[in-house]
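J.: Quick one: this structure, given as structure tokens, is what I'll be asking you about.
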Amino acid sequence: MKPTLLTNLQRFAIALGSFFALAIGSHAQTKIAAASAETSAESEELAEIVINAEAFSNSLVQGPFLPDVMEGKIFAAKKTSVIDFDTLPQIQSDNYRQALIKTPGLLTSELSNNSLLSLGSRGIGDPHETQNLLVLRNGVPFVLDMFGYPTVYYAPQLEAVDRLEYVRGGSSLLYGPQPGGSLNYVMHRPRLDRPFSFFTQNVVGSDSLWNHFTSVDGTIGRLSYLVNYNHRQGDSFRAVNSDFDLSAGNVLLGLDLKTDTRWLLDFDFYKSNAGEPGGLTFTPGPNALLYNDNRNQSQLVFDRVLVERYFATLSLERDFNEDTSMIWKIFGGYSNRTSYRQRGTGFGTAPTGAAANTNTITEHRYYTLGTDLRFSHEWEAWGREHHLAAGITAGRTHAPLQNSLGTSPNATSGTAFNDITRATNYVAFFVENQFKFGRLSIVPGFRFETISQSIEDHVRLNSTTLAPLATRNQENTVHVPLLALGIAYDLAADSALYLNFSQGYKPATYADTLPIDNNVANTDLEPGSTLTYELGYRGKPTAFFNWDTSVFYIDYDNRFGQTTAGGITTVQNTGRSRNVGIDLATEVDLIGIFGGEAAVKRYGNLAFHVAYEWLNAEFISGPNLGFAPQYAPEHLLRLGLTYRWKDRVKVSLMHTYVSEHFANDNNTQNFKIPAYNVTDITVETKLWRDNVTLLAGLNNVFNEDYYSRIRANGVDPSWGRNFYAGLRFTF
């Protein structure tokens, strides 16, 4: 970020802080009397329903966007989406193409063995391992390292998730500065109405898929509990080395969840072992693995990724009174990500030469400890009620890394050529206030980040010859003020205009500074920064119809991207881009809109939903001037038709269209992703009372030949037609 910009931001921050202090001080001196009867009536008319986490046994349909204020967070004047899984047949094998069917703006990059979460937002960076979108579990980030290595090798299993909350752009100042926004997984909570509940399900499908999930929950006196376990395994469609095997579970204990002071202890674990079959090519040549000859063939026989994660969160939720509340979380855990990768490969070529008789063994370890404290307070001034939200979050991640050279393509140990100690210390203060003046809301926000990163080489050798290289130590601390401003106007009780401006920030990661696959040290990287502007109109005039449409402009300077020179691919600042687009999401219940409640009770719901994004993204400076940023399709269209009858039958027909785009910033032909269309059908129906439920689906109904992911080793084909079926037993 430019010094002049920092100076101006600091001045604005001081002014904004003074404004908050004045407002709060005024409130402390005098409590304004209740508003007029007219204002009170208007407030009641515009009242929002506060959404709380549900038990699995509940099926309340929430959304489609977040209320103005919820659980100490202000969402007024921000672009938000609620992805409620109660509206769809249960998603199997964490299929995000289906999970996001009602949501514009999130692009999923599909892997052939479905072992990693890869999501992108509005053309902001590579979606690989969800590097540019902040992902959270109940408000706590689950990336390996929030800034040093913000990648995702774990994601909560969707069977255990109540809903997803997606906040666009720098509106993620609620949680952090990431330019792509935030995606929060809200997990199920224990049921409070009975001491014991149990369900188990087993689903089998194409290519040896087996997905098992079991959950028990209930409340006994003051104690509530929820325990679940998931095991998923399969082979995928690739010839060899495409198997995956994961086990995950969660234990949640709650104390006094029915009172105004609630304690929760949440522990989850995850362990996976997945093959990496590698990439293919369309270009003939020596050792080329041609996509058109056999899209199912594998490039790599021995490459694997192993992940372990153990994480705990202790939460205290306290409602001091009807106006003031607090949520305090202390969290920490351990993650390990180890990979074994054969050398001697190229873009879609089989390993060859002397290098193919070796491999690289990389072990990441992450030890994390952090805390997040948030206060929410409703106050009165100038005859109106306003809402203040503030807090502080802090954490430390210790992240040792070791790279070793193995002497065989399937070696599990070798000679270390990198032994690096890495660490990130992080503190942030944030404050927002919703000033309400009748139908008008003004929401200024401020976040101040202090990020300290350090990298210390203990061993540094040439990755091929093992010749000694100079060790390098680096420490860097930045202080970053970030601002946001939202304005909303309620046209009626059921619709509103909103305008939002916000800043985002992305520092260089450990891998940007010192790439693990070559000996280049990038010492001249500048942090990326964004300005996001959004103007939208949303509404829900009836339970049978809603919409949310907006236009946005993202100015992204000092983007990070891959460049290749002298045969070495590394990460550099690739210039400045502007991303302009339109988002549209709408849903209409065809039975309810024409027949009303009586028809719905008799015939059920038939919802037609559309989620569409038009995006025009282009580099306007830098070495990629005139090119489109990677993974920025012009059109992303999702259509769906979902039938629900009395919570006993759910059937969804879903279609996804993604226009052609590139998987790199310099738009080379071998990184071009053609347009594709994919159609899915999913079913969930209760066969006997509430106790036996059928789950089934046919994915990629028309057997579309497509791919949505290209990496440095080639094209990763996506699944053709495949199916699943299974049963759930509930007691």
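J.: Counting just the residues of the range 441-463 that are among the hydroxyl-bearing types (Ser, Thr, Tyr) and surrounded by 15 or more Cβ atoms within 10 Å (Cβ to Cβ), which one comes out nearest to VAL69 (Cα to Cα)?
T.: SER441
J.: With the checklist (1) surrounded by fewer than 21 Cβ atoms within 10 Å (Cβ to Cβ); (2) in a loop (DSSP other than H, G, I, E, B); (3) modelled with pLDDT of 90 or more in hand, flag the one item LEU60 doesn't pass.
T.: Checking LEU60 against (1) surrounded by fewer than 21 Cβ atoms within 10 Å (Cβ to Cβ); (2) in a loop (DSSP other than H, G, I, E, B); (3) modelled with pLDDT of 90 or more, the one that fails is (3).
J.: It is to be established whether one or more residues within the range 552-567 are assigned to a strand (DSSP E or B), in contact with a Gly (Cβ under 9 Å, 6 or more places away or on another chain), more than 30 Å from ASP647 (Cα to Cα) and modelled with pLDDT under 80.
T.: Yes.
J.: Of all the residues that make up the range 284-304, how many are touching a strand residue (DSSP E or B) at 6+ places or on another chain (Cβ under 8 Å) and assigned to a loop (DSSP other than H, G, I, E, B)?
T.: 14
J.: Continuing with the same structure: Tell me, yes or no, whether the range 433-440 has at least one residue that is surrounded by fewer than 16 Cβ atoms within 10 Å (Cβ to Cβ), in contact (Cβ under 8 Å) with a residue 60 or more places away in the chain and of a type in the set (A, V, I, L, M, F, W, C).
T.: no
J.: Considering only the range 150-169, I want to know if a residue exists there that is out of contact with any Phe, Trp or Tyr (no Cβ under 7 Å at 6 or more places or on another chain) and free of Cβ contacts under 8 Å to residues at least 24 places away in the same chain.
T.: yes
J.: Only one of GLY148, GLY169 is farther than 18 Å from THR393 by Cβ and among the small types (Gly, Ala, Ser); which?
T.: Result: GLY169 is the single residue among GLY148, GLY169 that is farther than 18 Å from THR393 by Cβ and among the small types (Gly, Ala, Ser).
Here is a yes/no grid of residues against (1) touching a residue at least 40 places away in the same chain (Cβ under 8 Å); (2) touching a Gly at 6+ places or on another chain (Cβ under 8 Å):
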position	(1), (2)
ALA617	yes, yes
PHE627	yes, no
ARG644	yes, yes
THR656	yes, no
GLU660	no, no
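J.: Taking the condition among the aromatic types (Phe, Trp, Tyr), at pLDDT 90 or above and in contact with a Gly (Cβ under 6 Å, 6 or more places away or on another chain), does PHE196 pass?
T.: Details: among the aromatic types (Phe, Trp, Tyr): yes; at pLDDT 90 or above: yes; in contact with a Gly (Cβ under 6 Å, 6 or more places away or on another chain): yes.
So PHE196 passes the test.
J.: Does TYR533 qualify as being surrounded by 15 or more Cβ atoms within 10 Å (Cβ to Cβ), within 21 Å of the chain's Cα centre (by Cα) and at pLDDT 90 or above?
T.: On the way: surrounded by 15 or more Cβ atoms within 10 Å (Cβ to Cβ): yes; within 21 Å of the chain's Cα centre (by Cα): yes; at pLDDT 90 or above: yes.
Criteria met by TYR533.
J.: Only one of (1) of a type outside the set (Asp, Glu); (2) farther than 30 Å from PHE723 by Cβ; (3) in contact (Cβ under 8 Å) with a residue 24 or more places away in the chain fails for VAL203. Which number is that?
T.: The one condition VAL203 does not meet is (2).
J.: Additional query: Answer yes or no: is there a residue in the range 496-519 that is at pLDDT 90 or above, surrounded by fewer than 20 Cβ atoms within 10 Å (Cβ to Cβ), assigned to a loop (DSSP other than H, G, I, E, B) and not small (Gly, Ala, Ser).
T.: no
J.: In this structure, is THR471 out of contact with any helix residue (DSSP H, G or I) (no Cβ under 8 Å at 6 or more places or on another chain) and modelled with pLDDT under 95? Let's see the steps before the verdict.
T.: Working: out of contact with any helix residue (DSSP H, G or I) (no Cβ under 8 Å at 6 or more places or on another chain): yes; modelled with pLDDT under 95: yes.
For THR471, the condition - out of contact with any helix residue (DSSP H, G or I) (no Cβ under 8 Å at 6 or more places or on another chain) and modelled with pLDDT under 95 - is met.
J.: While we're looking at this one, here's another question. For ASN691, state whether it is over 25 Å from the mean Cα position of the chain (by Cα), touching a residue at least 60 places away in the same chain (Cβ under 8 Å) and farther than 16 Å from GLU110 by Cα. If you could, list the steps in order and put the result at the bottom.
T.: Numbers: over 25 Å from the mean Cα position of the chain (by Cα): yes; touching a residue at least 60 places away in the same chain (Cβ under 8 Å): no; farther than 16 Å from GLU110 by Cα: yes.
No.
J.: Among strands (runs of 3 or more DSSP E) lying entirely in the range 180-266, which contain 3 or more residues that are surrounded by fewer than 20 Cβ atoms within 10 Å (Cβ to Cβ)?
T.: Filter on the range 180-266 gives 197-205, 209-220, 223-234, 244-255.
J.: Looking at (1) within 27 Å of GLY391 (Cα to Cα); (2) surrounded by fewer than 17 Cβ atoms within 10 Å (Cβ to Cβ), which is the one condition that is false for ASN473?
T.: (1)
J.: Given the range 68-154, what strands (runs of 3 or more DSSP E) lie entirely inside it while holding 1 or more residues that are basic (Lys, Arg) and modelled with pLDDT of 90 or more?
T.: Counting at least 1 such residues, we get 134-137.
J.: Kindly check whether there is at least one residue in the range 278-293 that is among the aliphatic types (A, V, I, L, M), without any contact (Cβ under 8 Å) to a residue 60 or more places away in the chain and at negative phi.
T.: Yes - at least one qualifying residue is present in the range 278-293.
J.: With (1) touching a helix residue (DSSP H, G or I) at 6+ places or on another chain (Cβ under 6 Å); (2) of a type outside the set (Val, Ile, Thr); (3) surrounded by fewer than 23 Cβ atoms within 10 Å (Cβ to Cβ) as the list, and ARG97 as the residue in question, which single condition is left unmet?
T.: For ARG97, the exception is condition (1).
J.: A further question follows. Would you mind finding the one in SER81, SER112 that is within 25 Å of LEU491 (Cα to Cα), buried (at least 23 other Cβ atoms within 10 Å of the Cβ) and of a type in the set (S, T, N, Q)?
T.: Working: SER112 fails: within 25 Å of LEU491 (Cα to Cα).
After applying the criteria, what remains is SER81.
The values are calculated or read from the model by the stated rules, or taken from the named source; none is laboratory data. Worth saying up front: this structure is predicted, and the values here are computed from it rather than measured. FYI the Cβ positions are ideal-geometry reconstructions off the backbone, even for glycines, and counts take in every protein chain you see.
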